[in-house]
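The values are calculated or read from the model by the stated rules, or taken from the named source; none is laboratory data. What you see is a predicted model; the values in this text were computed from it and never measured. Here the Cβ positions follow ideal geometry from the backbone for every residue, glycine too, while neighbour counts run over all protein chains shown. Surface areas here come from the heavy atoms of the whole protein model, side chains and all, with no ligands, DNA or RNA. Shrake-Rupley method; radii C 1.70, N 1.55, O 1.52, S 1.80 Å.
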Amino acid sequence: MGVNSMLSLGIRPGLIASHTIVINDALSYQIRLSKLRLGPDVYRLDIRATTTLGRLTVSHAHYHNFATAQQAFNHQRHQLESH
């Protein structure tokens, strides 16, 4: 997807989507999909866990295609919600 295509989609740098999955009182996950400012097609998918001990990054991945990044976000969300 080129710069002109992204502008027409309205995708700007910053947070695109965020979803929190609460497993129980001691554990929750937050999935975040962001567009980075590094270039025309750089997306980041982060999964963070919050526990009684604090917060940590479970997974961190970069994608160069919005459709692939969005598919990964949805897949991770469904995986975590099914547990």
Report summary line: The helix 66-81 Cα axis meets the longest alpha-carbon principal axis of the chain at an angle in degrees, between 0 and 90 and rounded to 10, of 10
Query - Amide H partners (placed H, <5 Å) of Val42, local residues excluded - result: Leu36
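Classify the range 44-83 as rounded, prolate or oblate from the Cα gyration tensor: take a ≥ b ≥ c as the square roots of its eigenvalues, call it rounded if a/c is under 1.5, otherwise prolate when a/b beats b/c and oblate if not. Don't skip to the end; give the middle numbers.
Details: a/c = 4.65, a/b = 1.60, b/c = 2.90.
Oblate.
Assign unit charges at the C-beta atoms only (+1 for Lys and Arg, -1 for Asp and Glu), then state the dipole size of the chain relative to its Cα centre in Debye, rounded to the nearest 20. Intermediate results must be reported in sequence, preceding the final value.
Details: 8 positive and 4 negative charges, 51 e Å.
Approximately 240 debye in magnitude.
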Query raised in the report: When only C-alpha pairs under 8 Å and at least 6 residues apart count, what is the relative contact order of the chain, in percent?
Result: 24
Report summary line: Reported to the nearest 10 Å², Tyr63 has, with a 1.4 Å probe, an accessible area equal to 50
